[in-house]
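Every number in this text was worked out from the coordinates using simple rules, so none of it is lab data. Just so it is clear, the model here is predicted, and its values are computed rather than measured. Reconstructed Cβ throughout: ideal geometry from the backbone, glycine too, with neighbour counts over all protein chains shown.
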Amino acid sequence: MDLIERYIYQVVKNLPKHKRQITSTELKIMIHEMLSENPTDIEIEKVLNSLGNPKKLRQKYASGHTLISADLFDDYIRTLKPACIILVAAYVGVEIIESFGVNSGSIELSTIIPNLIFTAISALAKGFLWVTLVFAAFEFFKLKFDNDAFDAKKLPKIDGSNKKSTSRSALSAILFNIIFFVAFYFFCNKYYDALAVYIVGQERIPIFNQTALLNFLPLFALAACFTIFVNVIIFTVKRYTLAINFLSFFELLFSTTIWVRFIVGEQTFNPLFTSFIKIDINPIINLVVGVIILSTAIQIIFIFLRKQKQPL
């Protein structure tokens, strides 16, 4: 009977709360009507296998067809809110820096406020679009993935806390990398001079050399894609294995190497900036590199300490 409870749980766990109890009751009645009076484990398995994958059965009890299914909708809402807040804050912040940088002498609120409102609305729309597209891609990939034959004997036990934590961690990493790379792309191409030393009555002095930023942009894109690829796998299988841990290790090593090469590059910092501050920045660069390497070493240790789980 434990197998029946596990099957029903997989069907109802992501349905709206008001539907879970009635759906659970309906399924119990239907399953017991299909069984004999004293069913064996083999008979129960055959009945559950005949009902098919609980994820597909869940769709019949969900409210119609939607772009984001009930299986992912809770995570979609939880991700959408912080993603939109971060994007709005980032875009509005850049707009404020730009406005003060270009108009350091006189600031006209009648011009700036409408621009900020438009920027916030635009960022909100982009956040909604990007998160929705990412989850729609997950939904499509998941549906393709779920076409595999269902086996009732492999149903997980009713304790999905670690599984949910793994999925949410992977989703957070994917969305962070997408948002970070998009922001970094615009920074390299349009707003590199927003991060600068501002001198009243003079031109600002950008900290970074735009040529160096653009040269490293393809490598950062490759690193972001590698990270997203690894976390899509983690999100799909919803567990850590030795193979995934090694893949995470190589992804972290690759990303760290790119960051270190970028920071220590001779052309990374604007020569005008280094001349203006009149101090040797090499000790600062070495300190930053040391912190990055130490952080990477700690993350590698945690990667191989993660609890590995066998396929469910």
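Here are a few things to note about the model shown:
- Computed from the C-beta positions of LEU3 and LYS60, the FRET efficiency with R₀ = 22 Å rounds to 0.60.
- Placing dummy labels 7 Å off each Cα toward the beta-carbon, the span from ILE117 to LEU214 is 3.6 nm.
- The packing ranking, built from the mean of other Cβ atoms within 10 Å per residue, places the peptides 231-237, 298-304 in the order 231-237, 298-304, highest first.
- Relative packing of 19-26, 48-55, 7-14, which averages over residues the other C-beta atoms within 10 Å, highest first: 7-14, 48-55, 19-26
- R0 of 51 Å, Cβ-Cβ distance ARG261-THR40: FRET efficiency to nearest 0.05: 0.20
- Relative packing of 186-192, 204-210, 270-276, which averages over residues the other C-beta atoms within 10 Å, highest first: 204-210, 186-192, 270-276
- If the segment from ALA136 to ASN49 were pulled out straight at 0.36 nm per residue, it would be longer than the present Cα-Cα gap by 28.5 nm.
- Percent RCO, i.e. relative contact order, over segment 227-312, from Cα pairs under 8 Å lying at least 6 residues apart: 48
- Full-stretch length increase - SER275, PHE254 - with 0.36 nm per residue and alpha-carbon distance subtracted: 4.4 nm
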